[in-house]
Amino acid sequence: MERTKSAGAAFAAVTTLFFAWGFITSIVDPLVAAVKSIFSLTNVEAQVSTFAFFIAYGVVSIPAAILVSRLRAVPSIILAIAMMVAACLIMLAGADAAAYTGVLIGLFVMASGITILQVAANPLAAALGVPERSHFRLTLSQAFNSFGTVLGPLLGASLLLRGIDVKPGETLTPAARTAALGSINTSFLIIAVLLAVLGGFIWLMRRRITEAAPPLDVAHGFGETLSQVFASRWALLGGLAIFLYVGAEVSIGSQMALFLNSKPIWAMPLQQAGFYVSLYWGGAMIGRFIGSALLTQVKAYRLLAINAAIATLLCLFVVLTRGVPAGWAALGIGLFNSIMFPVIFTLTLERSTASTEATSGFLCTSIIGGALVPLLVGKVADMSDYATALAVPLACYVVLFLFALAAGRAPIHAAGVDEAKPTLH
């Protein structure tokens with residue numbers, strides 16, 4: 001009983017980390033729209049902000065897996081939060097110097113810290129309790145991550161998109177540009193303060209988290225970690241699924257304000273469109289709370305297949321139509337994105353023959369899809385329009401549907417998971 005209470009308290013503390021990185025990650029969406037006007041960028045150039053953020057997952061995740069296995073969870077988490085505070089300071093310096101490069105460096109360092117958090121916290125949240133409820137726990141933590149992604153665009157639109165709604169071919173006035181750069185300063189100063197508070201809270205909870213955490217595998221080097229991953233078919237398949245899912249979700253979210261602002265869709269002011277981005281992420285939040293309950297009754301791979309199929313149809317609707325219905329359909333995709341990341345993650349952990357740390361590190365590496373897929377979507381948008389560009393995430397969701405079907409037929413390797421209890425898978 002005492003161990004159960006300790007695990008519950010540790011799970012609650014770890015879940016605050018999910019909220020924090022969701023809040024920060026979703027700030028990137030209005031930031032893309034803001035820097036496009038501030039620095040007079042094309043869609044592809046503006047998406048370099050997203051690239052700078054998500055490329056960190058490809059660079060840092062495997063080293064992060066090794067770091068977490070050696071330092072253990074709490075020291076790794078504290079280090080990650082310190083890196084994120086430093087990133088905010090870099091963003092402040094970049095905005096003060098009116099240098100887009102400084103903003104990009106700050107985003108990379110920020111995402112590097114978040115990568116370490118993801119590698120440490122995702123398997124930790126899944127493991128803090130009975131194995132049969134790992135899908136439920138990680139999806140519930142991801143629901144609070146989504147709560148952060150709802151609040152992030154609201155703050156971002158309020159601060160980052162005020163007064164920068166310019167028509168194609170126009171540029172911001174010097175005064176408006178200075179004010180917009182000041183808004184970037186304010187946003188990331190607020191984030192730095194909140195991160196410092198979060199770091200203090202985790203430090204106070206360090207003993208509970210350490211006592212409740214399951215033992216980790218022996219630390220492996222970079223080469224051995226990669227060898228484990230490439231020897232596991234399901235680690236690779238899970239990595240592909242995470243790559244495509246994150247790429248699809250991020251590309252839709254980061255283009256959403258510009259998509260709703262465009263004439264063929266809603267033609268609303270950019271700041272107002274930025275507020276609507278919170279509905280996209282709000283759908284993911286609602287879906288994760290609902291999904292965490294459904295996962296106690298429905299097999300995880302079946303729920304993933306259903307959600308991927310509906311997301312595919314919504315993308316197809318947007319590509320084939322325009323106007324108000326297309327706008328609502330695009331926003332609705334967030335609801336069906338909801339359970340995808342935690343379910344892909346836990347399905348892969350169960351089926352992978354590589355160690356938990358190696359698999360988790362590789363899956364977080366695959367979040368690099370959030371850097372690469374949006375560039376392709378931005379290129380398609382430049383060549384056609386924002387609605388047609390949703391053909392790219394449509395293709396991603398088709399592959400995720402096939403991944404879900406394959407997972408239903410694959411054996412489970414994770415220790416402690418009972419295949420005879422299908423309602424919990």
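What follows is calculated from the coordinates using simple rules that are stated; it is not laboratory data. As the structure is a prediction and not an experimental result, all values here were calculated from the model. Glycine gets a Cβ as well: all are built from the backbone with ideal geometry, and neighbour counts include every protein chain shown.
Computed values, structure above
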{"read-out": "Efficiency of FRET from Cβ geometry, Arg207 and Lys263, R₀ 56 Å, rounded to 0.05", "value": "0.45"}
{"read-out": "Mean separation of Cα contacts under 8 Å, 6 or more apart, over the residue count of the chain: relative contact order %", "value": "27 percent"}
{"read-out": "Positive dipole terminus of the chain, leading residue within Ala95, Val319, Ala126 (C-beta point charges)", "value": "Ala126"}
{"read-out": "Förster radius 45 Å - calculated FRET efficiency between Arg322 and Phe222, Cβ distance, rounded to 0.05", "value": "0.40"}
{"read-out": "Helix-only mean residue ellipticity at 222 nm for the chain, each DSSP H run of n ≥ 4 adding -39500 (n - 2.57), per residue, nearest 500", "value": "-27500 deg cm²/dmol"}
{"read-out": "Residue (of Ala300, Gly253, Tyr276) at the positive-pole extreme of the stretch 2-424, dipole from beta-carbon charges", "value": "Ala300"}
{"read-out": "Positive-end residue, the chain charge dipole about Cα centroid, Cβ charges, pick of Ala329, Thr225, Thr365", "value": "Ala329"}
{"read-out": "Only Lys, Arg (+1) and Asp, Glu (-1) charged, at Cβ; the stretch 2-424 dipole about Cα centre in debye", "value": "520 debye"}
{"read-out": "Net lengthening on full extension, Thr173/Ala98 (0.36 nm per residue, minus Cα-Cα)", "value": "25.6 nm"}
{"read-out": "Potential extension, Ile306-Asp385 segment - 0.36 nm per residue separation minus Cα distance", "value": "25.6 nm"}
{"read-out": "Kirkwood hydrodynamic radius over Cα pairs of the chain, then Stokes diffusion coefficient at 20 °C and 1.002 mPa s, in µm²/s", "value": "101 µm²/s"}
{"read-out": "Theoretical FRET efficiency, 1/(1+(r/R0)^6), r = Cβ-Cβ of Glu45 and Ile412, R0 41 Å, to 0.05", "value": "0.35"}
{"read-out": "Interchain or long-range residues, amide H under 5 Å from Arg72's placed H", "value": "none"}
{"read-out": "The chain: angle of helix 73-96 to the longest principal axis, Cα-based, in degrees nearest 10", "value": "10 degrees"}
{"read-out": "Ordering of 361-369, 306-314 by packing [mean C-beta count within 10 Å, highest first]", "value": "361-369, 306-314"}
{"read-out": "Tilt relative to the chain, helix 356-365 - C-alpha long axis, 0 to 90 degrees, to 10", "value": "10 degrees"}
{"read-out": "Between helix 300-320 and the chain: long-axis angle, C-alpha atoms, 0 to 90°, nearest 10", "value": "10 degrees"}
{"read-out": "Neighbour net charge for Val14 - beta-carbon separation under 12 angstrom, K R +1, D E -1", "value": "+3"}
{"read-out": "Packing-based exposure ordering (other Cβ within 10 Å, fewest first) of Asp385, Asp96", "value": "Asp96, Asp385"}
